[in-house]
Amino acid sequence: MSTKILLSLICLWPLAALAEAGCELRGTGDLGVVVERASGSLEFIETTHDRLRGRVEGLGDLSHASVVYSRDGRYAYVFGRDGGLTQVDLLCRRVVKRVMQAGNSIGGAISQDGRLVAVSNYEPGGVRIFDARTLDPVAEIPAEYAPGRRSKTVGLVDAPGNRFVFSLWDAGEIWVADMGDPAHPRVRRFKGIGKQPYDGLITPDGRYYIAGLFGEDGMALLDLWNLDAGVRRILPHYGRGEQRLPVYKMPHLEGWAVAGRRAFVPAVGHHEVLVVDTDDWSLAGRIPVYGQPVFVMARPDGRQVWVNFAFPDNDTVQVIDTRDMRIVKTLKPGRAVLHMEFEPRGEAVWLSVRDRDLIQVYDTATLGLVKELPARKPSGIFLTDRAARTGL
Amino acid sequence: MRPCVRSGMAFAAILGFTLTVQAAGPSPERQRYLDDLLHEDCGACHGMTLKGGLGPALLPQRLRRYPRAFLRATILQGRPGTPMPPWRPFLSDADVDWILDRLLGVMKP
């Protein structure tokens, strides 16, 4: 055999191996997954033709599950409610690894350098850190805020400088963990940030971490470029002393819904979306909406903001035009719209409609329904463009 | 204005509903609805399998320590100062009894 043939055989071998194992040779830029919470499965989706690509099962209790991606966009890390952490291959459509890392968890993050995956836990409260390749444990940060007392941790995000930032529900604190030496995280604590932080987000530039408060009106803002300045309270008293309505589902802060210098966040216990002026962090407006917002998401160009709602108003989605802060459309996709995900350039948005066992795709220009796809009790939808975005 | 109208309507609907089924307990259809509500909407805080989340686990071992009336009051009135909301606007007494039977393991799921 000539060297040439031999060489080409060697070069082709990995390809053949891929094909053999039922894997595909393609990019992952138009791929994603939908969590099917009741059946513990993931549905693979593709946004170029708006279609399903099969499912993988056996991921445990996926209620409230969230997903982050490896930096190459090939692997999804799935954080299940039961404490399961699963690495899923989008090209081979199978589980690569799965570990049970805690009793009860709530979301995770991947580090700036892509090497570490962090999981936020309710029980026992704290953050655990794993090697992204092997899922071997690397470090643990118990959220012990007083001797023997551990807090549930929420709002975990990655931040520049290979840091993780999260909030302590029970203690009202924000912790910044520097992962410079992965086995020995250096933690800086910020106390007294406000009562019961329920979730957190980081701005896309990685500069500001913002925790939403459940136990009082307002949000806590930390400038990660200037930790010495400490935490600052923003939007205090946005409820204007009005009676808060009971909250049947906690809002989520995911990504930063921003248009120009205005950002949009859910009001807790009010049928309103709050508008924040990002120059001075003041309250710039309040938009009355159909119910209590759960997700407030901006189309990538910032022209529209889409909002879904808590029980009993979770059959509805509203679209706000950010030029004049007016609601331009009220959609009724069906009971239990749980999540919304924009395609990377914003021309379409994917919705999960749990109780109708449906995924819907809407054209964001016409606001018309373009596709319906079957899924089993779908909840979170996660596209691979998150791989390159801080905080997602 | 609109929310008032809506909750008013919900209240009226529940009143009408309560009058018709209270004696017999929830209809099979209502039971299916309650079962969904328990795992999905209560589950949003207590975990879909009710093993706990932001709110505590709602498993019989834990709940049997409490008097039934106390649990009924917790569900109907909520617990002020905590995230546990009042379910009175959406659930009748019969509904809550059915849910408690489920939670306490009186009735097999």
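Screening the candidates A:GLY80, A:GLY60, A:GLY84, A:GLY125 for the property of being open to solvent by 10 Å² or more (accessible area, probe 1.4 Å) and out of contact with any helix residue (DSSP H, G or I) (no Cβ under 8 Å at 6 or more places or on another chain) yields one hit, A:GLY60. Of the listed requirements (1) open to solvent by 30 Å² or more (accessible area, probe 1.4 Å); (2) within 14 Å of chain B (Cβ to nearest Cβ), A:PHE309 misses just one: (1). Sub-8 Å Cβ pairs linking a first residue in the stretch A:363-392 that is touching a residue at least 24 places away in the same chain (Cβ under 8 Å) to a second residue that is among the aromatic types (Phe, Trp, Tyr) and in a loop (DSSP other than H, G, I, E, B), at least 6 apart or interchain, are A:GLY391/A:TRP256, ordered by first then second residue.
Let's see how each residue does on (1) at negative phi; (2) surrounded by fewer than 14 Cβ atoms within 10 Å (Cβ to Cβ):
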{"position": "B:LEU37", "(1), (2)": "yes, no"}
{"position": "B:CYS45", "(1), (2)": "yes, no"}
{"position": "B:PRO56", "(1), (2)": "yes, no"}
{"position": "B:THR82", "(1), (2)": "yes, yes"}
{"position": "B:GLY105", "(1), (2)": "no, yes"}
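Annotation: A:TRP225 fulfils all but one of (1) closer than 20 Å to A:THR153 by Cα; (2) aromatic (Phe, Trp, Tyr); (3) in a loop (DSSP other than H, G, I, E, B); the unmet one is (1). Residues in the stretch A:103-110 include at least one that is within 14 Å of chain B (Cβ to nearest Cβ), touching a strand residue (DSSP E or B) at 6+ places or on another chain (Cβ under 7 Å) and surrounded by fewer than 18 Cβ atoms within 10 Å (Cβ to Cβ). Filtering the stretch A:241-248 for residues that are within 17 Å of A:PRO288 (Cα to Cα) and more than 14 Å from chain B (Cβ to nearest Cβ) leaves a non-empty set. Tell me which residues, restricted to the stretch A:203-218, are of a type outside the set (Ser, Thr, Tyr) and either within 14 Å of chain B (Cβ to nearest Cβ) or open to solvent by 10 Å² or more (accessible area, probe 1.4 Å) (or both). Within the stretch A:203-218, A:PRO204, A:ASP205, A:ARG207, A:GLY212, A:LEU213, A:PHE214, A:GLY215, A:GLU216, A:ASP217 qualify.
Tell me whether the stretch A:198-207 contains one or more residues that are within 26 Å of B:ARG79 (Cβ to Cβ) and either without any contact (Cβ under 8 Å) to a residue 24 or more places away in the chain or of a type in the set (S, T, N, Q) (or both). Checked against the condition, which is being within 26 Å of B:ARG79 (Cβ to Cβ) and either without any contact (Cβ under 8 Å) to a residue 24 or more places away in the chain or of a type in the set (S, T, N, Q) (or both), the stretch A:198-207 yields no hits at all.
Note on the stretch A:141-161: residues that are open to solvent by 20 Å² or more (accessible area, probe 1.4 Å) and either farther than 17 Å from A:LEU222 by Cβ or among the hydroxyl-bearing types (Ser, Thr, Tyr) (or both) amount to 9.
Quick grid of which residues meet (1) touching a Phe, Trp or Tyr at 6+ places or on another chain (Cβ under 8 Å); (2) hydrophobic (A, V, I, L, M, F, W, C):
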{"residue": "A:VAL349", "(1), (2)": "yes, yes"}
{"residue": "A:SER352", "(1), (2)": "no, no"}
{"residue": "A:ASP355", "(1), (2)": "no, no"}
{"residue": "A:THR364", "(1), (2)": "yes, no"}
{"residue": "A:GLU372", "(1), (2)": "no, no"}
{"residue": "A:ALA387", "(1), (2)": "yes, yes"}
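The criterion of being at pLDDT below 95 and surrounded by fewer than 16 Cβ atoms within 10 Å (Cβ to Cβ) does not hold for A:ASP363.
Entry remark, the stretch A:35-75: residues being assigned to a loop (DSSP other than H, G, I, E, B) and either within 14 Å of chain B (Cβ to nearest Cβ) or not polar (S, T, N, Q) (or both) number 19 in total. Within the stretch B:14-38, the set of residues being part of a helix (DSSP H, G or I) and modelled with pLDDT under 90 comprises B:ILE14, B:LEU15, B:GLY16, B:PHE17, B:THR18, B:LEU19, B:THR20, B:VAL21, B:GLN22, B:ALA23, B:ALA24. Residues in the stretch A:251-271 that are surrounded by 22 or more Cβ atoms within 10 Å (Cβ to Cβ) and within 14 Å of another protein chain (Cβ to nearest Cβ): A:PRO251, A:HIS252, A:ALA267, A:VAL268, A:HIS270.
Considering the stretch A:76-92, the residues that are part of a loop (DSSP other than H, G, I, E, B) and within 23 Å of B:THR49 (Cα to Cα) include one that is nearest to the other protein chains (Cβ to nearest Cβ), namely A:ARG81.
The values are calculated or read from the model by the stated rules, or taken from the named source; none is laboratory data. Because the structure is a prediction, the values reported are computed rather than measured. Cβ sites come from the backbone with ideal geometry, for glycine too, and all protein chains shown count toward neighbours. For the accessible areas, the whole protein counts, side chains as well, though only heavy atoms, and no ligand, DNA or RNA atoms are used. Shrake-Rupley method; radii C 1.70, N 1.55, O 1.52, S 1.80 Å.
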